[in-house]
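The values are calculated or read from the model by the stated rules, or taken from the named source; none is laboratory data. The shown structure was predicted, so the numbers you read here are calculated from the model rather than taken from an experiment. Note that each Cβ is placed from the backbone with ideal geometry, even for glycine, and that neighbours are counted across all protein chains shown. Only protein heavy atoms, including side chains, enter the accessible area calculation; ligands, DNA and RNA are left aside. Shrake-Rupley method; radii C 1.70, N 1.55, O 1.52, S 1.80 Å.
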Amino acid sequence: MSRKAILEALSAAEGFLSGEDLSRRLGISRSAIWKHIVALRQEGYAIDAHTRLGYKLRSRSAYLLPEEVEPLLKTKRFGRHYHFYASLPSTNRTAKELARQGAPEGTVVLAEEQTEGRGRLGRGWYSPPGLGIYFTMILRPTVPLGLAPQVTLLTSVAVCKALETVAGVQPQIKWPNDVLLNGKKFCGTLTELNAEMEAVNYLVVGTGINVNQSAGDFPDAVAAVATSVHATTGEKVDRARLLAAVLYFFEADYDYWLASGFDRLRAEWLERAAGMGTTVRVIAGQQEWVGKAEDIDSDGALLVRDSGGKLRRLISGEVSLRPEGGQGYDFGR
Ligand code: BTN
């Protein structure tokens, strides 16, 4: 608490604030103040210290700390319980532990880097520190099990809306949840479900967004298919603003979905869909086949017409927009 109060006092001050002044205001010793200053510097705040004048905040932290994200939130629930970690194996893994312990809906787990970031279909998610946003939301929707996958589609739509607002770009979505800029992937979502019989206990929805990576930052294995917002636009994006915007759009759409169902959101997903109406290669387990992506079903399944004219429903697996084959998306580390 004192650390937060010191930060607030330094943010509000015009120039230097003396150690004596801070210690009086907060009711703690000058050496305790100094310890907090050291800790704040370690968290990325640039604070000048002068023997006579005291302390001055030169620049705020670029980390997605609660102090940086909370003031930007426009949500009621999402992000209001916010667990920040400098490094985690995987935010989905930690979110599952928190969900098991009863963490409320809207809880967000975020890490500046992941050492074992996980993607769909057993892949990894490359999660270098400070450049992307790696976070997981805990949801407790009271919906039938079969509708839960729609949440992943909602997340992709929220990411698109946030990017449209914050960065002025128009991403596209490749079923089920790859978000693309200029045909390359910069965002993906891994949703994991815990259910009993027909009832959802909780969902953890983990999203990775490549934000400020340069083209050269990606490992060779993914460079051909991966991009970031910065690599596409040339602009650096304020990650805290982007995260707050994703949570804002997600909360609004999620609440709408709970109250009114998927129809409007399905339309919003389709407006942004990549490859709809074109020939795609379907990769489902060991099977691969080519067909025409026609629509998504009311439950979010992809509808693809095969060469025999039969409309087939895809509830998992993936599609490649290059029907002739070629490199798929593999974000392995
Ligand atoms: C995919 O497209 O394959 C899904 C990628 C999901 C990555 C995110 S990063 C935050 C969260 N934690 C993880 O370990 N994975 C998800």
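Assorted remarks:
- Helices (runs of 4 or more DSSP H) lying entirely in the range 1-62 (those with 2 or more residues that are over 25 Å from D238 (Cβ atoms) and outside the structural domain of P129 (by TED's automatic domain parsing)): 19-26, 30-42
- Residues of the range 35-65 satisfying the condition of being open to solvent by 70 Å² or more (accessible area, probe 1.4 Å) and among the polar types (S, T, N, Q): Q42, T51
- Qualifying residue in the range 170-180 (condition: more than 14 Å from the ligand (Cβ to nearest atom), over 13 Å from A273 (Cβ atoms) and in contact with a helix residue (DSSP H, G or I) (Cβ under 9 Å, 6 or more places away or on another chain)): no
- Restricting attention to the range 79-104, the residues that are in a loop (DSSP other than H, G, I, E, B) and within 15 Å of the ligand (Cβ to nearest atom) total 3.
- When E294, E288 are checked against the criterion of being assigned to a strand (DSSP E or B), touching a Leu at 6+ places or on another chain (Cβ under 8 Å) and not aliphatic (A, V, I, L, M), a single residue qualifies: E294.
- Index of the failed condition, R123 passing every other in (1) in contact with a strand residue (DSSP E or B) (Cβ under 8 Å, 6 or more places away or on another chain); (2) more than 14 Å from E192 (Cβ to Cβ); (3) within 13 Å of the ligand (Cβ to nearest atom): (1)
- Filtered residues of the range 1-17 (kept if open to solvent by 40 Å² or more (accessible area, probe 1.4 Å) and closer than 19 Å to T51 by Cα): E14, F16
- Test: residue in the range 306-316 that is surrounded by 14 or more Cβ atoms within 10 Å (Cβ to Cβ) and either in the same structural domain as P176 (by TED's automatic domain parsing) or outside any strand (DSSP E or B) (or both): no
- Answer from E288, E271 - the residue that is acidic (D, E) and closer than 23 Å to L121 by Cα: E288
- Against the conditions (1) near the ligand (Cβ under 10 Å from one of its atoms); (2) part of a loop (DSSP other than H, G, I, E, B), K76 satisfies every one except (1).
Rundown of residues vs (1) among the acidic types (D, E); (2) open to solvent by less than 60 Å² (accessible area, probe 1.4 Å); (3) within 16 Å of the ligand (Cβ to nearest atom), yes/no style:
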{"site": "L242", "(1), (2), (3)": "no, yes, yes"}
{"site": "F249", "(1), (2), (3)": "no, yes, no"}
{"site": "G261", "(1), (2), (3)": "no, yes, no"}
{"site": "E268", "(1), (2), (3)": "yes, yes, no"}
{"site": "G277", "(1), (2), (3)": "no, yes, no"}
{"site": "L321", "(1), (2), (3)": "no, no, yes"}
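- Any hit, the range 221-237, residues being more than 20 Å from F186 (Cα to Cα), assigned by TED's automatic domain parsing to the domain that holds G183, more than 16 Å from the ligand (Cβ to nearest atom) and open to solvent by less than 50 Å² (accessible area, probe 1.4 Å): no
- Considering the range 66-125, the residues that are under 28 Å from G285 (Cα atoms) and aliphatic (A, V, I, L, M) include one that is least open to solvent (accessible area, probe 1.4 Å), namely A95.
- Answer residue from the range 126-147, given it is farther than 27 Å from A221 by Cβ and surrounded by 19 or more Cβ atoms within 10 Å (Cβ to Cβ) and is farthest from the ligand (Cβ to nearest atom) among those: L139
- A252 being modelled with pLDDT of 95 or more and small (G, A, S): yes
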